[in-house]
Amino acid sequence: MTGFGGGPEKTILNSPRYLPPLGYQAACAYLHPPDESGLESLRGRAEAAKAELITIEDRGPLDWSLVGKFIRLCRQRHVRIWHAHDDKSNALGLLVRMRVPMKLVTTAHGWGANLGLNPWKSRLYRACSQISLRRYEMSIAVSPDLQQMLVDWRLRPERVVLIENAIDTAQFARQFSQAEARRRMGLPDDGLVIAALGRLAPEKGFDALVQAVAAVRQSGRQVNLWIGGEGPLRDALTTLIDQLQVADSVRLLGHLGDPRDFLQAADLFVLSSVSEGLPNVVLEAMALGTPVISTRVAGVPRVIEDGVHGLLVDIGQADPLVDAIIRLVDDAELRRRLASAARQRIEQHYDFGLRMQKVARVYDRMLDRQTSA
């Protein structure tokens, strides 16, 4: 993996501990720049997840030494399956297999979405993945739109499988009241709170969410918006918050290592994204019993039935978000009902153990092994 702190990284770190009963051992390789500041935090999360983390210094797109490093590592470990999770590891897998006999599989999480400020780089990485994956044995998509994207790339349909994201439902179970969760975070108990979480980047649509919250406050409803995450749009969002004169009610909290207290502290969670795969944070909020409003982005409508497990709105505009927020702010009983149904939905269909059984069956198929239980 090459990213830091997002949904794909959670999926990667959570996977190894589920695999031994299914017949597999796994380690996580993390590519990082020489000045990576988040390594210790990542190591702590890997230790908590009982995942072996192998850190490898990456000096950029032209660092060809990575190929030799991975050839040696895969030979030492007798690696039989390379499981990639982003554009760079897709290309590396193909190069390493030229010297190490192994099977190749990837998971498509929505590659390139957070490269919106560097479109040339996004196009280059996407082209590399298209070339690489036609030589992969299997590709896993986390949402139907990504599954269709892989087929459109002319991958053979029988080599593409849909396995949606999932979470550890025991780990993501409500433990605290909203007031206690706010105290744990050192945040004031100052009225109804809307939570949002993600990289401060264009695809997350936080500008529309800030505008929506400003409009809700103009309607006379006293709501607060807390946004967890860092990214290139922090300054632009700060400027927008100042322009709308909502600095007293909209807070940019920065990077949050563990979202559980944050989500438990909120009265509702809003996903305003215009581009996603199937965001883990929606599953986490649902599992923690925090009512969810989400755009109809990618795989979310497969998880949330509008009005049953949460509220769905159209992508890219503030007005639908305003209407949905007002509806939940005004109806505490609807918030309670949605939260209860959402938790049941996650327990029954999006538990991480069930997901890893499906992943193990993909590995079995690649190695021509008898199917795992």
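The numbers here are math on the coordinates, done by the rules we state, and not lab data. Quick caveat, the model's predicted, so the values are computed rather than measured. A quick note on method: Cβ atoms are made from the backbone with ideal geometry, for glycine too, and the neighbour counts reach across all protein chains shown.
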Report task. Grab the other residues whose beta carbon is less than 9 angstrom from that of residue 278, score K and R as +1, D and E as -1, and report the net. Result -> -1
Query raised in the report: Can you give the alpha-carbon Rg of the range 145-269 over 2.2 N^0.38 Å, where N counts its residues?
Result: 1.31
Query raised in the report: For the chain, what is the percent of antiparallel DSSP beta bridges, rounded to the nearest 5?
Result: 5 percent
Query raised in the report: According to the Cα gyration tensor, what semi-axes, each the square root of 5 times an eigenvalue, does the equivalent ellipsoid of the chain have, listed from largest to smallest in whole Å?
Result: 36, 22, 19
Query raised in the report: Using alpha carbons only, how many degrees (0 to 90, rounded to 10) separate the axis of helix 39-48 from the longest principal axis of the chain?
Result: 90 degrees
Query - Of 21, 67, 46, farthest towards positive along the dipole that unit charges on Lys, Arg, Asp, Glu beta carbons give the range 20-71 - result: 21
Query - Proxy reagent accessibility, fewest Cβ within 10 Å first, across 45, 251 - result: 251, 45
Requested in this report: Taking each pair of different alpha-carbon atoms in the range 1-101 once, compute 1/r for the pair, average those values, and report the inverse of that mean as the Kirkwood hydrodynamic radius in Å to one decimal.
Outcome: 14.2 Å
**Report entry** Long-range HN-HN contacts of residue 292 with modeled amide H, under 5 Å
**Finding:** 269, 311
Report task. Sort out for me the Cα centre separation of the range 1-76 from the range 208-247, rounded to whole Å. Result -> 35 Å
Query - Gyration tensor over alpha-carbon atoms, the range 178-349, equivalent ellipsoid semi-axes in Å - result: 22, 18, 16
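Give me the percent of DSSP beta bridges within the range 178-349 that run antiparallel, rounded to the nearest 5.
Roughly 5 percent of the beta bridges in the range 178-349 run antiparallel, per DSSP.
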**Report entry** Given charges at beta-carbon only (K, R positive; D, E negative), |dipole| of the chain in Debye
**Finding:** 1680 debye
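Divide by every residue of the chain the summed helix terms, -39500 (n - 2.57) for each DSSP H run of at least 4, and state the resulting mean residue ellipticity at 222 nm, rounded to the nearest 500 deg cm²/dmol.
-13000 deg cm²/dmol
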Report task. Kindly rank 82-89, 129-136 from highest to lowest mean number of other beta carbons found within 10 Å of each residue. Result -> 82-89, 129-136
Report summary line: HN-Hα couplings for the range 76-88 via Karplus (6.51, -1.76, 1.60; θ = phi - 60°), in whole Hz with x for Gly/Pro, come out as 4, 8, 6, 5, 9, 9, 9, 10, 8, 9, 7, 4, 5
Query - Proximal lysine pairs, the chain, alpha carbons under 21 Å, eight or more residues apart or interchain - result: 11
